[in-house]
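The values are calculated or read from the model by the stated rules, or taken from the named source; none is laboratory data. Computed from a prediction, not measured in an experiment: that's the story for all the values here. Every residue, glycine as well, gets a Cβ built from its backbone with ideal geometry; the counts of neighbours run over all protein chains shown. Each accessible area value is taken on the protein alone, full model and side chains, heavy atoms only, with ligands, DNA and RNA left out. Shrake-Rupley method; radii C 1.70, N 1.55, O 1.52, S 1.80 Å.
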Amino acid sequence: MDQDDSRTDPFTAVVVLSGGLDSTTLMAHYAALQYRLIAVTVDYGQRHHREIDAARAVAAHFGAEHHVVDLRGYGALLRGSALTDDRVSVPDGHYAEQSMRATVVPNRNAVLANVAVSIGVAHRASVVALGMHAGDHFIYPDCRPEFVAALRELVATANEGFAVPQVEAPFLSWAKTDIATHGVRLGAPLELSWSCYKGGDRHCGTCGTCYERREAFRHAGLTDPTGYLDDVTAYPAP
């Protein structure tokens, strides 16, 4: 390391890219700001492995440097989550229902964010971008403003003296409808994104993430480019 270790590249952003609607819009957001994009996708053995293929397609669309980090050994240890444990079914219903707690992966965003931060420090990126939003706050404890604030403090402390990227979550107070609207406005390739937690060949339309996606386009008055197995079932908000 040299004497310029504490200086970041102001034009580089590391984006945590799951391949979903939020992170696809996040890529478009930072592309519009003319950042050089480094996309980081984590394979933790998730049931919906299809999202990794979506992430590859999205990264290619933006011409981003893309890295898929293999944490399948980590994911195999996470029993009790519908996303990492085949014995647990993915629940159908409204995304804010308590039944969606079955889709919580313990400490997932902390792990994903810190992987991205490590890459950001190594590449001297000025930004590490996360795509969580207000709709996630109902169920996921690592999607709240308190989590982002604590993460920023940890990143600054853990990397003191080196090039410390700013952790940004620009959609933290946004509804999913706002994100869909923003993505369409920016020309994000939302048709390439993948949301369904069930991991089939098509979006099921009834799991929490599918339903939230359907609802976002409908409430925004936008054409939904997604093909669903069920696009008519409605769930009342809890």
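Determine, yes or no, whether G183 is within 19 Å of A39 (Cβ to Cβ) and assigned to a helix (DSSP H, G or I).
Values: within 19 Å of A39 (Cβ to Cβ): yes; assigned to a helix (DSSP H, G or I): yes.
Yes.
Might you check whether a residue that is out of contact with any Gly (no Cβ under 9 Å at 6 or more places or on another chain), in contact (Cβ under 8 Å) with a residue 12 or more places away in the chain and assigned to a helix (DSSP H, G or I) occurs anywhere in region 194-203?
No, there is no match, as no residue in region 194-203 is out of contact with any Gly (no Cβ under 9 Å at 6 or more places or on another chain), in contact (Cβ under 8 Å) with a residue 12 or more places away in the chain and assigned to a helix (DSSP H, G or I).
Quick check, is A134 modelled with pLDDT under 95, in contact with a helix residue (DSSP H, G or I) (Cβ under 9 Å, 6 or more places away or on another chain) and either more than 30 Å from A237 (Cα to Cα) or crowded, with 16+ Cβ neighbours inside 10 Å (or both)? It would help to see each step written out before you state the result.
Numbers: modelled with pLDDT under 95: yes; in contact with a helix residue (DSSP H, G or I) (Cβ under 9 Å, 6 or more places away or on another chain): yes; either more than 30 Å from A237 (Cα to Cα) or crowded, with 16+ Cβ neighbours inside 10 Å (or both): yes.
So A134 fits the description; yes.
Going through R36, R101, R87 one at a time, which residue ends up being in contact with a Phe, Trp or Tyr (Cβ under 6 Å, 6 or more places away or on another chain), open to solvent by 40 Å² or more (accessible area, probe 1.4 Å) and more than 16 Å from S23 (Cβ to Cβ)? First the steps, then the outcome.
On the way: R101 fails: in contact with a Phe, Trp or Tyr (Cβ under 6 Å, 6 or more places away or on another chain); R87 fails: in contact with a Phe, Trp or Tyr (Cβ under 6 Å, 6 or more places away or on another chain).
Step by step, each of R36, R101, R87 is checked, and only R36 is in contact with a Phe, Trp or Tyr (Cβ under 6 Å, 6 or more places away or on another chain), open to solvent by 40 Å² or more (accessible area, probe 1.4 Å) and more than 16 Å from S23 (Cβ to Cβ).
In the set T8, T41, which member is buried (at least 17 other Cβ atoms within 10 Å of the Cβ), within 22 Å of S126 (Cα to Cα) and free of Cβ contacts under 8 Å to residues at least 40 places away in the same chain? So that I can check it myself, show each step before the final result.
Working: T8 fails: free of Cβ contacts under 8 Å to residues at least 40 places away in the same chain.
Exactly one of T8, T41 is buried (at least 17 other Cβ atoms within 10 Å of the Cβ), within 22 Å of S126 (Cα to Cα) and free of Cβ contacts under 8 Å to residues at least 40 places away in the same chain, namely T41.
Let me confirm something: among R79, R56, which residue is surrounded by fewer than 19 Cβ atoms within 10 Å (Cβ to Cβ), more than 23 Å from R202 (Cβ to Cβ) and among the basic types (K, R)? Lay out the reasoning, then the answer.
Numbers: R56 fails: more than 23 Å from R202 (Cβ to Cβ).
Matching residue, one of R79, R56: R79.
Tell me the residue from S193, S173 that is open to solvent by 60 Å² or more (accessible area, probe 1.4 Å) and either touching a helix residue (DSSP H, G or I) at 6+ places or on another chain (Cβ under 8 Å) or modelled with pLDDT under 95 (or both), please.
S173 is the lone residue from the list that is open to solvent by 60 Å² or more (accessible area, probe 1.4 Å) and either touching a helix residue (DSSP H, G or I) at 6+ places or on another chain (Cβ under 8 Å) or modelled with pLDDT under 95 (or both).
Run D142 past the list (1) charged (D, E, K, R); (2) modelled with pLDDT under 95; (3) over 19 Å from the mean Cα position of the chain (by Cα) and report the number of the one that doesn't hold.
The number of the failed condition is (3).
Could you list, ordered by first residue, the pairs with Cβ atoms under 6 Å in which the first is in region 214-238 and surrounded by fewer than 14 Cβ atoms within 10 Å (Cβ to Cβ) and the second is of a type outside the set (G, A, S) and in a helix (DSSP H, G or I), at least 6 apart or interchain?
P225/L190; P225/E191
Tell me whether region 220-227 contains one or more residues that are within 30 Å of F11 (Cα to Cα) and in a helix (DSSP H, G or I).
Looking only at region 220-227, we keep the residues that are within 30 Å of F11 (Cα to Cα), and these are none.
No: zero hits.
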